[in-house]
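Colleague: Handing you this structure, nothing more for now.
Bear in mind that the values in this text are calculations on the coordinates, not laboratory data. In this text the structure is predicted, and so the values were computed from the model without any measurement. Note that each Cβ is placed from the backbone with ideal geometry, even for glycine, and that neighbours are counted across all protein chains shown.
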Amino acid sequence: MLDFLELISRAIDRLNLVVGRLVSWVTLLVVLVVFTDVVMRYAFNTSFVFTQELEWHLFAFIFLMGAGYTLLREGHVRVDIIYQRLDRRGRAWVDLAGVVVFLLPGCYLVIATAIPFVVSSYLTGEGSPDPGGIPHRWLLKACVPAGFLLLGLQGISMAIKAIRVLAGRETD
């Protein structure tokens, strides 16, 4: 059973690695979009609503879709006053409890709350209220449940790793 769970954990890790690579390219894209917007604004004294909206759409995509990858790479802020002093098993207990008590219920609440907004946005054909803005706002709103799904999946992977440590079957 633990070997099967490790396969699941590795598959989740691979998924978030792929998404993390995609997000890194989108990060480059947002830099180019902001650069273009700044050049257009200051060199040509013009600006486009589409470009400005694209900046925050891409930023939201990066933030939401990159959360699972950030957890995989242990990049989230953590208060390590106690955690760093614990041995590997103690850290595994803290990780497991944190995932089960806080992360997974939080992800569930966000996903369950966000889905009706995505569906409503899709059904009404919601787009930018500004002329020349980005249409299909439901695509951006869909990043909320998708991003928290990836974060929740990475939490499951983290819990599996903690269980393996507690069972004496540590993974690297």
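Colleague: With axes computed from alpha carbons, what is the tilt in degrees of helix 2-43 against the longest principal axis of the chain, rounded to the nearest 10 within 0 to 90?
Modeller: The angle comes out near 30 degrees.
Colleague: Also: Divide the volume of the convex hull of the Cα atoms of the stretch 70-172 by its number of residues and quote the answer in cubic angstrom per residue.
Modeller: 121
Colleague: Would you mind ranking SER157, SER121, SER9 so that the residue whose beta carbon has the fewest other beta carbons within 10 Å leads the list?
Modeller: SER121, SER9, SER157
Colleague: Using the count of nearby Cβ atoms within 10 Å as a rough guide to exposure, how do HIS76, HIS136 rank from fewest to most?
Modeller: Least crowded to most crowded, the residues run HIS76, HIS136.
Colleague: Once both labels are modelled 7 Å past Cα along the beta-carbon direction, what's the TYR83-VAL39 spacing in nm?
Modeller: Computed distance between label sites TYR83 and VAL39 equals 4.1 nm.
Colleague: Related question: Going by how many other beta carbons lie within 10 Å of each one, how would you line up THR70, THR46, fewest first?
Modeller: With the fewest neighbours first, THR70, THR46 line up as THR46, THR70.
Colleague: Another one. Could you calculate the FRET efficiency of ALA112 with ILE8 from 1/(1 + (r/R0)^6), where r is the beta carbon distance between them and R0 is 25 Å, rounded to 0.05?
Modeller: Approximately 0.65, to the nearest 0.05.
Colleague: Run through all the Cα pairs of the chain and give the fraction in each 5 Å bin from 0, expressed as whole percent.
Modeller: Final binned percentages: 1, 8, 13, 16, 16, 13, 11, 8, 6, 4, 3, 1, 0.
Colleague: How far apart, in nanometres, would the label points at VAL100 and VAL119 be if each is projected 7 angstrom from Cα along the Cα-to-Cβ direction?
Modeller: In this crude spin-label approximation the distance works out to 3.1 nm.
Colleague: Sticking with this structure for a sec: In nm, give the distance between the simple-model label positions of THR46 and VAL18, each being 7 Å from the Cα along the Cα-to-Cβ direction.
Modeller: Here the modelled spin labels are 4.1 nm apart.
Colleague: Okay, moving on. Could you give me the ³J(HN,Hα) list for the stretch 148-158, computed from phi with Karplus coefficients 6.51, -1.76, 1.60 and θ = phi - 60°, whole Hz, x at Gly and Pro?
Modeller: Going residue by residue, I get 6, 5, 4, 5, x, 4, 5, x, 4, 4, 4 Hz, with x marking Gly and Pro.
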